[in-house]
1. Does residue 97 satisfy the condition of being out of contact with any Pro (no Cβ under 6 Å at 6 or more places or on another chain) and modelled with pLDDT of 95 or more?
2. From the residues in the stretch 63-87 that are in contact with a helix residue (DSSP H, G or I) (Cβ under 9 Å, 6 or more places away or on another chain) and on the phi > 0 side of the Ramachandran plot, which one is surrounded by the most Cβ atoms within 10 Å (Cβ to Cβ)?
3. Checking residue 67 against (1) over 21 Å from residue 152 (Cβ atoms); (2) touching a residue at least 12 places away in the same chain (Cβ under 8 Å), only one condition comes out false. Which one?
4. Looking at the stretch 99-113, can you tell me whether even one residue there is open to solvent by 50 Å² or more (accessible area, probe 1.4 Å), under 26 Å from residue 174 (Cβ atoms) and basic (Lys, Arg)?
5. Every residue in the stretch 28-46 that is surrounded by 13 or more Cβ atoms within 10 Å (Cβ to Cβ) and over 19 Å from the mean Cα position of the chain (by Cα), please.
6. Can you name every one of the helices (runs of 4 or more DSSP H) wholly within the stretch 1-73 that holds 2 or more residues which are farther than 25 Å from residue 95 by Cα?
7. Report, by residue number, each residue of the stretch 28-50 that is among the small types (Gly, Ala, Ser) and without any contact (Cβ under 8 Å) to a residue 12 or more places away in the chain.
Amino acid sequence: IENVNVQKVLFPLIDYCTDINAGMLRADTLLEDGLRLWLVTLVTSRMATMGNYLSTMLPRLEAILKTGLEAHLSLKVLQLYAVLIGPTVLQPLIGTLQPLLMDCVSCILKEERDRQSNNNEEMSDTTSPNEENKDQEKSTKAGLMKDGVGALHFCSDILQLYPAVGSQVGQAAIITVL
């Protein structure tokens, strides 16, 4: 990734894939791949040579975090930034992170409530729901659960790395689940 020719392709590709202002269709189809590419770039790059460009991408990450799209991956990207740059990268994002983490972990509790509700309905209802709706519901719940678990991992890791900032960022989300 240190190769200039690779960078000429790599960074515009990450920009293109993670541009959430280009429309929801692109965000729905390319955002996950773009975030995965961003993760690999962070893991394999040296801040000494590529830190300037990687730092200029932080506003894009903040915009993605604000939408809540692919939260499990965008939180991993932010976590790597925090490891590479330090806790100062988290400070300006506390106002964005707190509600995002609460939304993500609340899906874990909602999943349990829905499961209990469905069990009660199944005992009293003899009609069978549409199989296609069931499949879509499972897919949506899997995505929500991924985000919830990713949020808890993020909270735990940031709390261990930077206790002061970690408690500001993730305390409410962790308490909600407990």
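The values are calculated or read from the model by the stated rules, or taken from the named source; none is laboratory data. Source: prediction; values computed, not measured. Positions of Cβ are backbone-derived with ideal geometry, glycine not excepted, and every protein chain shown enters the neighbour counts. Just so you know, the surface numbers come from the protein's heavy atoms only, side chains and all, with ligands and any DNA or RNA stripped out. Shrake-Rupley method; radii C 1.70, N 1.55, O 1.52, S 1.80 Å.
1. Criteria met by residue 97.
2. Filtering the stretch 63-87 for residues in contact with a helix residue (DSSP H, G or I) (Cβ under 9 Å, 6 or more places away or on another chain) gives 63-85, 87.
Cutting the leftovers down to on the phi > 0 side of the Ramachandran plot gives us 68, 70.
Values: 68: 14, 70: 26.
Residue satisfying both the conditions and the ranking: 70.
3. Unmet for residue 67, out of (1) over 21 Å from residue 152 (Cβ atoms); (2) touching a residue at least 12 places away in the same chain (Cβ under 8 Å): (1).
4. For the stretch 99-113, residues open to solvent by 50 Å² or more (accessible area, probe 1.4 Å), under 26 Å from residue 174 (Cβ atoms) and basic (Lys, Arg): present.
5. Selection gives 45 alone.
6. Numbers: elements: 4-17, 24-44, 47-56, 58-67.
In the stretch 1-73, the matching helices (runs of 4 or more DSSP H) lie at 4-17, 24-44, 47-56.
7. Scanning the stretch 28-50 gives a single hit, 48.
Results for (1) touching an Asp or Glu at 6+ places or on another chain (Cβ under 9 Å); (2) at pLDDT below 90, shown as yes or no for each residue.
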site: 2; (1), (2): no, yes
site: 12; (1), (2): no, no
site: 17; (1), (2): yes, no
site: 22; (1), (2): no, yes
site: 33; (1), (2): no, no
site: 38; (1), (2): no, no
site: 53; (1), (2): no, yes
site: 59; (1), (2): no, no
site: 68; (1), (2): yes, no
